[in-house]
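The values are calculated or read from the model by the stated rules, or taken from the named source; none is laboratory data. Because the structure is a prediction, the values reported are computed rather than measured. Please note: Cβ atoms are built from the backbone with ideal geometry, for glycine as well, and neighbour counts cover all protein chains shown. Calculation scope for accessible area: heavy atoms of the full protein, side chains included, ligands and nucleic acids excluded. Shrake-Rupley method; radii C 1.70, N 1.55, O 1.52, S 1.80 Å.
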Protein chains: 2
Amino acid sequence: MASTWLSEINWSDDGLIPVIAQEVKSGKVLMVAWMNREALRLTVEKGEAIYWSRSRKKLWHKGEESGHTQKVMDIRLDCDGDVLLLSVEQSGGIACHTGRHHCFFRKLESDQWVITSPILKNPDTIYKK
Amino acid sequence: MASTWLSEINWSDDGLIPVIAQEVKSGKVLMVAWMNREALRLTVEKGEAIYWSRSRKKLWHKGEESGHTQKVMDIRLDCDGDVLLLSVEQSGGIACHTGRHHCFFRKLESDQWVITSPILKNPDTIYKK
């Protein structure tokens, strides 16, 4: 039983688990995405984050188009076995599809979501048509 | 419309959003829980994390029993509007119901989940019967 560790995860009814990517050097929470068994197995095998895209319903090697891959330094599982936490090195310093460093760029201030992080690169130049 | 900011969140079909609690001083990701509208409104009002317990189907003022409350320093929303990130001060230094500092205490090492964080307090002494 080579993949007992995969079976110890509490996969959701649709076979997924939410995954937090945290940047090693800054400690910033970069993004949250999802994995299925195959995505997690491939992530471990390749040492780079491979997620399951719920919208496109297919494996998504993060950075395959943008070049903004994530080198996975370690993988942690929470007490309930239903959330993963990856420590990553973020290639290009951009994790978010909006061209920002991380996805959590809206901060609640006086009942308003205020954008607190700059766009580092125009998404139009990140993603080829 | 006093709570426009609440409506800008992409609540799940069952009216919830996953919430990551990150400790301010250490940068550690402590835990992931869920909120509904009321939980988030109360969290903002009281300045302490109030989650929605999916198992007990009721509001859960984190620390109400254990004393391990979370003072909320800021609240962030991700690009898709479907994940929240709280910066918190963790009272008692224990976020996990197992008596550990954080919930992500299992690390993948050579195809095994290895426990890497000590139990700081016996859960039997944290939770009164």
Do we have B:Glu89 as over 20 Å from A:Met31 (Cα atoms), in contact (Cβ under 8 Å) with a residue 24 or more places away in the chain, in a strand (DSSP E or B) and among the acidic types (Asp, Glu) here?
yes
Keeping to segment A:95-122, report how many residues are over 13 Å from B:Asp78 (Cβ atoms) and open to solvent by 10 Å² or more (accessible area, probe 1.4 Å).
10
Looking at B:Ile50 and the list (1) in contact with a Phe, Trp or Tyr (Cβ under 8 Å, 6 or more places away or on another chain); (2) open to solvent by 60 Å² or more (accessible area, probe 1.4 Å); (3) more than 30 Å from A:Met73 (Cβ to Cβ), which single condition is not satisfied?
(2)
Checked B:Val44, B:Val32 against criteria (within 10 Å of chain A (Cβ to nearest Cβ), more than 15 Å from A:Trp113 (Cβ to Cβ) and modelled with pLDDT of 95 or more); the one match is B:Val32
Please indicate, with yes or no, whether at least one residue in segment B:67-86 is open to solvent by less than 30 Å² (accessible area, probe 1.4 Å), touching a residue at least 60 places away in the same chain (Cβ under 8 Å), more than 9 Å from every other protein chain (Cβ to nearest Cβ) and farther than 22 Å from B:Tyr127 by Cα.
yes
For residues that are out of contact with any strand residue (DSSP E or B) (no Cβ under 6 Å at 6 or more places or on another chain) and at the interface with another protein chain (Cβ under 8 Å from one of its Cβ atoms), tally how many sit in segment A:106-129.
2
I'd like to verify a number: residues in segment B:99-129 that are in a loop (DSSP other than H, G, I, E, B) and in contact (Cβ under 8 Å) with a residue 60 or more places away in the chain, how many?
6
Can you tell me how many residues within segment B:1-17 are open to solvent by less than 30 Å² (accessible area, probe 1.4 Å) and closer than 27 Å to A:Leu86 by Cβ?
3
